[in-house]
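Have a look at the structure below before the remarks.
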Amino acid sequence: MSVSFKEIRALTRDFGELKKTIDLMRDSVEQNTKEVSVINKRAEEIRVKEKSEEVAWDETPDITAEDRYPLVKTSEPGIKVQAQVLLKKLDII
């Protein structure tokens with residue numbers, strides 16, 4: 001069985017394309033491996049931090065008015081509302 005020159009050229013071209021595809025796949029796997037290792041490292045840091053912090057789950061902190069309504073005194077609409085309330089109180093007095 002003889003192989004023609006065209007068949008050899010086509011086979012060489014196919015092997016070249018296969019090599020490019022393999023290189024691309026290898027680069028993709030390496031990049032994904034790096035990203036996964038970064039994510040795994042961050043997840044491990046969080047696990048260690050959670051284990052080191054002992055939280056008393058049966059205790060609840062007291063909630064103050066500022067905790068309950070944090071935007072009332074700090075936001076611009078909250079300040080306007082407070083100013084209107086104070087002006088109404090002055091009108092009543």
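The shape of the stretch 17-58 can be summarised by an equivalent ellipsoid whose semi-axes, obtained from the alpha carbon gyration tensor, come to 41, 7, 4 Å from longest to shortest. Between SER37 and SER52, the modelled labels are 2.3 nm apart [label points 7 Å from Cα along Cα→Cβ].
Using Cβ point charges alone (K and R +1, D and E -1), the dipole size of the stretch 1-51 about the Cα centre works out to roughly 80 debye.
A short reminder: the numbers here are calculations on the coordinates, not readings from a lab. In this text the structure is predicted, and so the values were computed from the model without any measurement. FYI the Cβ positions are ideal-geometry reconstructions off the backbone, even for glycines, and counts take in every protein chain you see.
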